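Below: the structure, in structure tokens.
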Amino acid sequence: MSKKIVFGIGVVLAVMLVYFYGSTNEGLEIETISIEEPDSLFQEILPEPTLLYGIAIDSFDVFEGKVKWSQNISEILSNFNISREDIYALANASKGVFDVRKLKAGYPFTIIHERDELKTARQFIFEPDPTQYVIFNLSDSIYVQSVAKPVVREERVLTAKIESSVYEAVLAEGASPLLVNKLVDIFAWQVDFFRIQKGDEFRVIYDQRSVDGEVVSVDRILGAYFKHFDKEYFAVYYNQEGQEDYFDEDGNSLRKTFLRAPLNYSRISSRYSPRRYHPVQKRYKAHLGTDYAAPVGTEIRSVGDGVILEAKYGQYNGNYVKVKHNSNYTTQYLHMSKIAKGIRPGVTVKQGQTIGYVGSTGLANGPHLCFRFWKNGVQVDALKVDLPPSEPIDPKKLKDFLHVKNVMINKLMKIKEDSAKPMLAQIPLSQK
């Protein structure tokens, strides 16, 4: 049968079918189905890539480490098949972004490298602090990029009853130990933190910053309440003409000219005494200072603004620093493990600035700080000296302060015993 005959028969059959369905199914709508291309119907659903610092790492290996003492970027990358030429180019590319000479010992780094025997590095990532990381890219092109991590600022509240110490009470409530320093500094002249009693209690409202759920800073205490020896104390933050300070209910400053103590997390191991048995010399002699026992490396702070008179090593004093605060007051800090960088005669220091670290140099039988205090050229007991407070609230600001104070004290007294939760929803730093 010829092709023409077959084609003709097909056409006739098609016409008959159209006529048949058209006459028996009047009004029937015929839906046209479009068939998609096979590629779109059976398109493969690919899994999401695994990202680290925003970099896909599924096809690579990851090495994590910490910078060793005196280690530099050249030494680190030379172990991952990176040439001196590329390291030099990387150092040049980092100018204005991050100084490669400032890799700090003990800080973490990450290397994303090829999955082969050479382990050629593609990216080197260093975290100079918890809020940022720096990407040193060696793949395709060499460049350096600093990336800020999302920071969340939130207002929190905390209340606790003390069993043994403020530090342990703060940790027991799940709060950051960074809060302790600020709380102690605020009430340093009202509360004797070396005689904390079981049953003492405190409440505090404060701002903190977090990165990836980890607290990186406690920015400011907004208000606090402390009950010590059955006596109640309040602290209200107030910014007076650009001067930040804490005041009691009557507008009097809680801050004295000097900090109560030159370091935190310590205990008094020996007090000022005209006659004390010296543990090293094995004889009785005057001890004209206050000894604070603390772990080696604990930061020592200048108790007030001043100028460095001496910063050196002495046979008996070990590493020590002497600070002149004004014509009336001078302080001295003995037996340091080391003096802080930049602390030398003639340098101006601020209250709370780190000037050295606890040690046992000189005539000492264990790690501690011997703190000495001069008033009008005479050594006195630092724990008993009567110091003037900072300026009270300006009468012109009193009305505004009283409003701020009433609101804050009302919030403090409404804090429930079980609250260690955010008082407000977390607010991105950029929105506050």
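The values are calculated or read from the model by the stated rules, or taken from the named source; none is laboratory data. What you are looking at is a predicted structure, and each value in this text was computed from that prediction instead of being measured. Every residue, glycine among them, receives a Cβ derived from its backbone with ideal geometry; neighbour counts consider all protein chains shown.
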Residue 170 modelled with pLDDT under 90 and not in a strand (DSSP E or B) = no
Matching residues in the stretch 106-127 - criterion: being part of a strand (DSSP E or B), out of contact with any Phe, Trp or Tyr (no Cβ under 7 Å at 6 or more places or on another chain) and over 13 Å from residue 63 (Cα atoms) = none
Can you find even one residue in the stretch 86-99 that is closer than 28 Å to residue 217 by Cβ and among the basic types (Lys, Arg)?
-> no
Determine, yes or no, whether residue 346 is farther than 25 Å from residue 384 by Cβ, in a loop (DSSP other than H, G, I, E, B) and either at pLDDT below 95 or more than 26 Å from the chain's Cα centre (by Cα) (or both).
-> yes
Would you tally the residues in the stretch 268-280 being crowded, with 19+ Cβ neighbours inside 10 Å and at pLDDT 75 or above?
-> 0
Considering residues of the stretch 41-77 that are surrounded by 14 or more Cβ atoms within 10 Å (Cβ to Cβ) and more than 27 Å from the chain's Cα centre (by Cα) only, the residue nearest to residue 113 (Cα to Cα) | 60
Please state which one of 348, 331 is in contact (Cβ under 8 Å) with a residue 60 or more places away in the chain and of a type in the set (S, T, N, Q).
-> 331
Of all residues in the stretch 392-432, how many are assigned to a loop (DSSP other than H, G, I, E, B), modelled with pLDDT under 80 and not basic (Lys, Arg)?
-> 8
Extreme residue, farthest from residue 289 (Cα to Cα), among residues of the stretch 360-376 that are part of a strand (DSSP E or B) and either modelled with pLDDT of 95 or more or out of contact with any His (no Cβ under 9 Å at 6 or more places or on another chain) (or both) = 375
Please go through the stretch 205-236 and pick out each residue that is among the hydroxyl-bearing types (Ser, Thr, Tyr) and under 21 Å from the mean Cα position of the chain (by Cα).
-> 206, 210, 217
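Each row is one residue, and each column tells you yes or no for (1) without any contact (Cβ under 8 Å) to a residue 24 or more places away in the chain; (2) in contact with a strand residue (DSSP E or B) (Cβ under 7 Å, 6 or more places away or on another chain).
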site	(1), (2)
94	no, yes
99	yes, no
131	no, yes
141	yes, no
144	no, yes
152	no, yes
164	no, no
Every residue from the stretch 294-311 that is of a type in the set (D, E, K, R) and either at positive phi or in a loop (DSSP other than H, G, I, E, B) (or both) | 305
